[in-house]
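A quick write-up on the structure given underneath.
The values are calculated or read from the model by the stated rules, or taken from the named source; none is laboratory data. If you're wondering where the values come from, they're calculated on a predicted model, not measured in any experiment. Neighbour counts run over all protein chains shown; Cβ positions are idealised from the backbone, glycine included. Accessible surface is based on the protein model in full, side chains and every heavy atom, while ligands, DNA and RNA are left aside. Shrake-Rupley method; radii C 1.70, N 1.55, O 1.52, S 1.80 Å.
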Amino acid sequence: MNVAACDTFYLMEFFAQVRKQLKLDEKSELRVCMVCLGNICRSPMAAAVLHNRSRDFHNPKIIVDSAGTGSWHIGEGPNFSSEAMWRKAGYEYQHTAKQFTGEFFASRDLILVMDSSNYQSVLSLADDSNQTSKVFYLRQFDPALSHIDPRGPEVKRLEVPDPYGLADRAFEKVLEMVEDSVSGLLELLTSSKG
């Protein structure tokens, strides 16, 4: 099997697993939360991309927000460079930072984290396997990376690096990663049901 065929096989397997795990075929609405560290760079950018790209989705209707595992930016707007990058790409989105808490599990269907630190922080707030089953790395939905086990040795490849304090190129790279992953997520949601 060539690399492209392997990627397609793993993507189809991953999509089937997620559809079943989250009971996507039974949902008319999907509530998604993007999570990063401070909720001012990566997660609001990811929310902006998904919000804009899913506007015309109705089955399921997608509702997206974002949060941070840390509390230091609560109530603040997005990082200037992050917002400038998503606006330059044509995405409109309003954002105020908030902190992820255990209560989020009850009101979200899918929780997409940016890195291993976020992953562990979010999982530490879960009460049971039903809650942990909602948590994925955003980049698990990137078709080129869907074969990577989030508990395996290649997990770092699933991370969206934090661009905070870095040059614009770092924010561009984050946007590229986010767009690829959101494209994969939307492909999952539009793929044939069942």
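Out of region 119-142, which residues are open to solvent by less than 40 Å² (accessible area, probe 1.4 Å) and either farther than 24 Å from Arg31 by Cα or not in a helix (DSSP H, G or I) (or both)?
Those that are open to solvent by less than 40 Å² (accessible area, probe 1.4 Å) and either farther than 24 Å from Arg31 by Cα or not in a helix (DSSP H, G or I) (or both): Ala126, Ser133, Lys134, Val135, Phe136, Tyr137, Asp142.
Which condition number does Ser183 fail, the rest of (1) open to solvent by less than 50 Å² (accessible area, probe 1.4 Å); (2) assigned to a helix (DSSP H, G or I); (3) polar (S, T, N, Q) being met?
Result: Ser183 passes all but (1).
A quick yes/no check of all residues on (1) farther than 30 Å from Pro153 by Cα; (2) not hydrophobic (A, V, I, L, M, F, W, C):
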site: Leu37; (1), (2): no, no
site: Cys41; (1), (2): no, no
site: Ser54; (1), (2): yes, yes
site: Asn59; (1), (2): yes, yes
site: Ser81; (1), (2): yes, yes
site: Lys88; (1), (2): yes, yes
site: Ile111; (1), (2): no, no
site: Leu123; (1), (2): no, no
site: Ser129; (1), (2): no, yes
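Just give me the residues in region 150-173 being over 16 Å from the mean Cα position of the chain (by Cα) and open to solvent by 50 Å² or more (accessible area, probe 1.4 Å), in sequence order.
Passing the criteria: Arg151, Pro153, Glu154, Tyr164, Gly165, Leu166, Ala167, Asp168, Arg169, Glu172.
Could you check region 98-145 and list, in sequence order, the residues that are of a type in the set (Lys, Arg) and out of contact with any helix residue (DSSP H, G or I) (no Cβ under 9 Å at 6 or more places or on another chain)?
Residues satisfying the conditions are Lys98, Arg108.
Does Ile111 satisfy the condition of being touching an Asp or Glu at 6+ places or on another chain (Cβ under 6 Å), among the β-branched types (Val, Ile, Thr) and under 19 Å from Gly184 (Cβ atoms)?
Considered against the rule, which asks whether it is touching an Asp or Glu at 6+ places or on another chain (Cβ under 6 Å), among the β-branched types (Val, Ile, Thr) and under 19 Å from Gly184 (Cβ atoms), Ile111 comes out as no.
Give the residues of region 84-108 that are within 22 Å of Ala167 (Cβ to Cβ), over 17 Å from the mean Cα position of the chain (by Cα) and open to solvent by less than 30 Å² (accessible area, probe 1.4 Å), sorted by residue number.
Within region 84-108, Met85 is the sole residue that qualifies.
If you scan region 111-139, which residues turn out to be in contact with a Pro (Cβ under 8 Å, 6 or more places away or on another chain) and charged (D, E, K, R)?
Asp115
State yes or no: is Asp25 assigned to a loop (DSSP other than H, G, I, E, B) and surrounded by fewer than 19 Cβ atoms within 10 Å (Cβ to Cβ)?
For Asp25, the condition - assigned to a loop (DSSP other than H, G, I, E, B) and surrounded by fewer than 19 Cβ atoms within 10 Å (Cβ to Cβ) - is not met.
Filtering region 39-83 down to residues that are touching an Asp or Glu at 6+ places or on another chain (Cβ under 7 Å) and assigned to a loop (DSSP other than H, G, I, E, B), which residue is surrounded by the most Cβ atoms within 10 Å (Cβ to Cβ)?
Restricting to residues being touching an Asp or Glu at 6+ places or on another chain (Cβ under 7 Å) and assigned to a loop (DSSP other than H, G, I, E, B), the top hit is Cys41.
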